[in-house]
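Report on the structure given below.
Throughout, read-outs are computed from the coordinates displayed, never taken from laboratory work. Quick caveat, the model's predicted, so the values are computed rather than measured. In this analysis, Cβ positions are derived from the backbone assuming ideal geometry, glycine residues included, and neighbour counts consider all displayed protein chains.
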């Protein structure tokens, strides 16, 4: 169960903070406070489409930047983000657990009502020297309104109703072998 929670936590961190992790190269806008729906559509993998809800505010988004940036700096040899005419583009090379991932992401839309992140990645290494694998993922995010009465900033409601808070991700980092404290 702990391993599953760690995997889910890292997945959430990568989904919600993945774009933010590039912020040490360029500050991205903070998302509008409230409840965001994040639909993740992935091809080239076995993970099904997943929809989550994330309650956020300005402080939480900034905290995610502050948490994700040092983690990215530890595992990524390249993490560049540039402003474009239509949004942002990010290129990264990161290694974790014997796997190397080279990714390219294009971010369009605004951070007040809706945005889209389209990412292509090449994953190499891992278990038993697995063959290189190309994946593509799209995150469609839309603002739904105010957070629900039982939610506080940082809460993520996962498929199946599991609720966790991104502020707990810093605690999960301590469970990662080799992560700097």
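Here 88, 115 are placed in order of increasing Cβ neighbour count within 10 Å, fewest first, which gives 88, 115.
Exposure proxy ranking for 78, 167, based on other Cβ atoms within 10 angstrom of each Cβ and starting from the fewest, stands as 78, 167. Here the extension length gained between residue 140 and residue 168 equals 7.7 nm, from 0.36 nm per residue of separation less the Cα-Cα distance. For a paramagnetic label modelled on residue 110 (point 7 Å from Cα along Cα→Cβ), amide N atoms under 18 Å away belong, within the stretch 73-90, to 84-88.
Suppose R0 equals 30 Å. What FRET efficiency, 1/(1 + (r/R0)^6) with r the Cβ-Cβ distance, do residue 50 and residue 150 give to the nearest 0.05? Efficiency at R0 = 30 Å is approximately 0.90. Modelled label positions at residue 86 and residue 37, each set 7 Å beyond Cα in the direction of Cβ, lie 2.4 nm from each other. Sorting 117, 89, 157 by the number of Cβ atoms found within 10 Å of their own Cβ, with the fewest placed first, yields 89, 157, 117.
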